[in-house]
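The values are calculated or read from the model by the stated rules, or taken from the named source; none is laboratory data. Remember, predicted model here, so these are calculated numbers, not experimental data. When we count neighbours, we look across all protein chains shown, and the Cβ atoms used for this are built from the backbone with ideal geometry, even at glycine. To get the accessible areas, we keep the full protein, side chains included, count just its heavy atoms, and leave off ligands, DNA and RNA. Shrake-Rupley method; radii C 1.70, N 1.55, O 1.52, S 1.80 Å.
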Amino acid sequence: MANLLSGNLDFACKSANNALHNFHSFPAKFPPELPRAFILGLTAPLDTVLDPMLGSGTTVLEAFLNDRRAIGFDIDPLALLISRVKTSSPDPEQLSDRGSSVVSRARAALASEPNKLQHDLEGRWDAKTKAFVDYWFLPQTQLELVAIAQEIDRICDLSVKEFLELTFSSIIITKSGGVSLAMDLGHTRPHKVTPVLEGSGAGKANKGKRLRSAVSDFEKRFGTNLRAMRMRPPVGKGADAQVHYGYSQSLPLRDESVDLIVTSPPYASNAIDYMRAHKFSLVWLGHSIEELAKQRTEYIGNERIKRSVDPLPPFSEAVVSEIAGVDQSKGKILHSYFCEIKLVIGEMFRVLRPGKAAIVVVGNSIFRGKSSYTAECLAEIGQSLGFMVPGVNKRNIDRNRRMMPIGNQVDLNSVVQQRMLQEHVIGFYKPC
Ligand SMILES: C[S@@+](CC[C@H](N)C(=O)[O-])C[C@H]1O[C@@H](n2cnc3c(N)ncnc32)[C@H](O)[C@@H]1O
């Protein structure tokens, strides 16, 4: 493990199978080469590989494609959908038929029954969710989206339906806010923009966001995702992928049942607010704004202060105290974050077999100009729970390949932004 950890972990060049990983954008996702290197280097076929915070399922898909038994947990509905679709095997011919039929039937409904679609839109949500949709989507886009969503709803085969739902979601959640009026879902708090509808004749001088037809976007994206699915290499007989809703702080797994963990927890203090972006498509997939707001409070790294008096090891306590010295509330938030992560690392220790490893990738946070020393604190917390830490390495994040918690304009004089362009890879080893 030490050898793998000390190598170059930037993975700046693209390699095979990445199209499958790109079904849907997701903030702070791994380059696939990162989990792949550890899976191939530290496990054998049919070993069990776990990601307790699976996000877009990069670890789980890599383990599956390499004939391992993959298990992943998350509490984010979109993360679960993405990961299930990437590791499911719908029949490509059936997919192709159903996808084309969704497009043609949605176009027909838009042409022949716009009033019915409008009526369906009115009854689709509670008042709060409808207000959110009205604020962020143009009336014409809403009609197109509901026409597609209703056609997808009619599909019975779950793996085909989820593939199409994911394609649908991927036209809404993009760095530029997709077919919504959000200017940027990937980097900043969303801003609403003035749209220029494609084909409206508005000149190039008009700087508004160019909004394309949702049905055309869906059709194009469907073609891309279908091609990626068709090119997926066959997986071995024993390969398996299980994706479940579950909290990483209490994993429903037996003690000593896992051969490798590769995971990355959220940043501290909501630096990436998953739900902020995900609700843009989740409302179209049947979730209400109220339910999603409740769910958001459950994420590790949210700014909720837990009434925990759990002691942390000395260096971590000192980091928290230093930050509390300049901002008491931020100190409490960081303390809560480390306590949550301590529970997760405790679970990782419990489920790993002795002699096996956990690879944890973490980003740093800055509170009032002071570093959270997240990697150093997590390494210390892991050691306090019985892990050995054979190595910690830094990797540079490729901004072109990843949605980041900071804006497009990098200020090289900003210590905060520089630190956000790197993350740490911590190797934990459970002694025999
Ligand atoms: C940094 S992302 C993981 C990205 C992933 N490595 C990938 O390649 O896509 C962290 C994930 O942790 C999940 N998460 C947050 N709190 C959680 C909890 N209590 N239990 C399980 N997952 C959680 C978030 O929903 C998010 O998907």
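Which of the residues spanning segment 240-265 are within 21 Å of F23 (Cα to Cα) and either within 13 Å of the ligand (Cβ to nearest atom) or in a loop (DSSP other than H, G, I, E, B) (or both)?
Just the residues of segment 240-265 that are within 21 Å of F23 (Cα to Cα), to begin with: 240-245, 262-264.
Within segment 240-265, V243, H244, Y245, V262, T263, S264 qualify.
Go through segment 54-68 and report how many residues are more than 9 Å from the ligand (Cβ to nearest atom) and either of a type in the set (G, A, S) or open to solvent by 10 Å² or more (accessible area, probe 1.4 Å) (or both).
Adding up the residues that qualify gives 6.
Just to be sure before I move on: is L260 open to solvent by 30 Å² or more (accessible area, probe 1.4 Å) and within 21 Å of the chain's Cα centre (by Cα) in the structure I sent?
For L260, the condition - open to solvent by 30 Å² or more (accessible area, probe 1.4 Å) and within 21 Å of the chain's Cα centre (by Cα) - is not met.
Quick one: which residue in S176, S112, S169 is small (G, A, S), modelled with pLDDT under 95 and on the phi < 0 side of the Ramachandran plot?
Numbers: S112 fails: modelled with pLDDT under 95; S169 fails: modelled with pLDDT under 95.
Testing whether each residue is small (G, A, S), modelled with pLDDT under 95 and on the phi < 0 side of the Ramachandran plot leaves just S176.
Before we move on, is I71 touching a residue at least 24 places away in the same chain (Cβ under 8 Å), surrounded by 20 or more Cβ atoms within 10 Å (Cβ to Cβ) and outside the structural domain of E298 (by TED's automatic domain parsing)?
On the way: touching a residue at least 24 places away in the same chain (Cβ under 8 Å): yes; surrounded by 20 or more Cβ atoms within 10 Å (Cβ to Cβ): yes; outside the structural domain of E298 (by TED's automatic domain parsing): no.
Criteria not met by I71.
At pLDDT 95 or above, away from the ligand (no atom under 13 Å from the Cβ) and in a helix (DSSP H, G or I), is that true of S101?
Yes: the conditions hold for S101.
Please name all residue pairs, on different chains or six or more residues apart, with Cβ atoms under 9 Å, provided the first residue is in segment 39-65 and is more than 12 Å from D259 (Cα to Cα) and touching a residue at least 60 places away in the same chain (Cβ under 8 Å) and the second residue is among the polar types (S, T, N, Q) and in a helix (DSSP H, G or I).
Taking only residues 6 or more apart or on different chains, the pairs are L54/S83; G55/S83; G57/S83; V60/S83; L61/S83.
Does I71 satisfy being touching a helix residue (DSSP H, G or I) at 6+ places or on another chain (Cβ under 7 Å) and away from the ligand (no atom under 12 Å from the Cβ)? Even if it seems obvious, please write down each step before you answer.
Values: touching a helix residue (DSSP H, G or I) at 6+ places or on another chain (Cβ under 7 Å): no; away from the ligand (no atom under 12 Å from the Cβ): yes.
In short, no.
Go over the candidates R254, R276, R221, R232 one by one and state the one that is exposed (fewer than 13 other Cβ atoms within 10 Å of the Cβ), at pLDDT 85 or above and not hydrophobic (A, V, I, L, M, F, W, C).
Matching residue, one of R254, R276, R221, R232: R254.
Do we have T129 as modelled with pLDDT of 95 or more and crowded, with 22+ Cβ neighbours inside 10 Å here? Steps first, answer last, please.
On the way: modelled with pLDDT of 95 or more: yes; crowded, with 22+ Cβ neighbours inside 10 Å: no.
Answer is no for this residue.
So is A149 assigned by TED's automatic domain parsing to the domain that holds T167 and either under 30 Å from Y299 (Cα atoms) or modelled with pLDDT under 95 (or both) or not? Give the steps one after another, and end with the answer.
Numbers: assigned by TED's automatic domain parsing to the domain that holds T167: yes; either under 30 Å from Y299 (Cα atoms) or modelled with pLDDT under 95 (or both): yes.
Answer is yes for this residue.
Quick check on segment 152-159. Is at least one of its residues among the aliphatic types (A, V, I, L, M), over 21 Å from L81 (Cβ atoms), assigned to a helix (DSSP H, G or I) and open to solvent by 40 Å² or more (accessible area, probe 1.4 Å)? Reasoning before the result, please.
Start the filter on segment 152-159 by keeping residues that are among the aliphatic types (A, V, I, L, M), which leaves 152, 155, 158.
Among the residues that remain, those that are also over 21 Å from L81 (Cβ atoms) are: none.
No, segment 152-159 contains no residue that is among the aliphatic types (A, V, I, L, M), over 21 Å from L81 (Cβ atoms), assigned to a helix (DSSP H, G or I) and open to solvent by 40 Å² or more (accessible area, probe 1.4 Å).
Answer yes or no: is there a residue in segment 356-373 that is closer than 27 Å to T48 by Cα and over 24 Å from the mean Cα position of the chain (by Cα).
Going through segment 356-373, the residues closer than 27 Å to T48 by Cα turn out to be 356-363.
Checking which are over 24 Å from the mean Cα position of the chain (by Cα) leaves us with 356.
There is at least one residue in segment 356-373 that is closer than 27 Å to T48 by Cα and over 24 Å from the mean Cα position of the chain (by Cα).
Of all residues being under 24 Å from A12 (Cβ atoms), of a type in the set (A, V, I, L, M, F, W, C) and within 12 Å of the ligand (Cβ to nearest atom) in segment 30-53, which is nearest to the chain's Cα centre (by Cα)? Just the residue, please.
Within segment 30-53, the match that is nearest to the chain's Cα centre (by Cα) is F30.
Among the residues of segment 288-301 satisfying the criterion of being within 14 Å of the ligand (Cβ to nearest atom) and open to solvent by less than 50 Å² (accessible area, probe 1.4 Å), which is farthest from P265 (Cα to Cα)? Walk me through it before giving the result.
In the first step, residues of segment 288-301 are kept if they are within 14 Å of the ligand (Cβ to nearest atom); the result is 292, 294-301.
Pick out the ones that are also open to solvent by less than 50 Å² (accessible area, probe 1.4 Å) and you get 292, 295, 299-301.
Values: L292: 20, Q295: 17, Y299: 10, I300: 8, G301: 8 Å.
Across segment 288-301, the extreme among qualifying residues is L292.
With respect to Q142, is the statement that it is of a type outside the set (A, V, I, L, M, F, W, C) and within 31 Å of the chain's Cα centre (by Cα) true? Please lay out each step first, then the result.
Details: of a type outside the set (A, V, I, L, M, F, W, C): yes; within 31 Å of the chain's Cα centre (by Cα): yes.
So Q142 fits the description; yes.
Within segment 74-98, track down each residue that is within 16 Å of the ligand (Cβ to nearest atom) and open to solvent by 50 Å² or more (accessible area, probe 1.4 Å). Walk me through how you get there before you give the answer.
Within segment 74-98, the first condition is being within 16 Å of the ligand (Cβ to nearest atom), and the residues that meet it are 74-87.
R84, the sole residue that qualifies.
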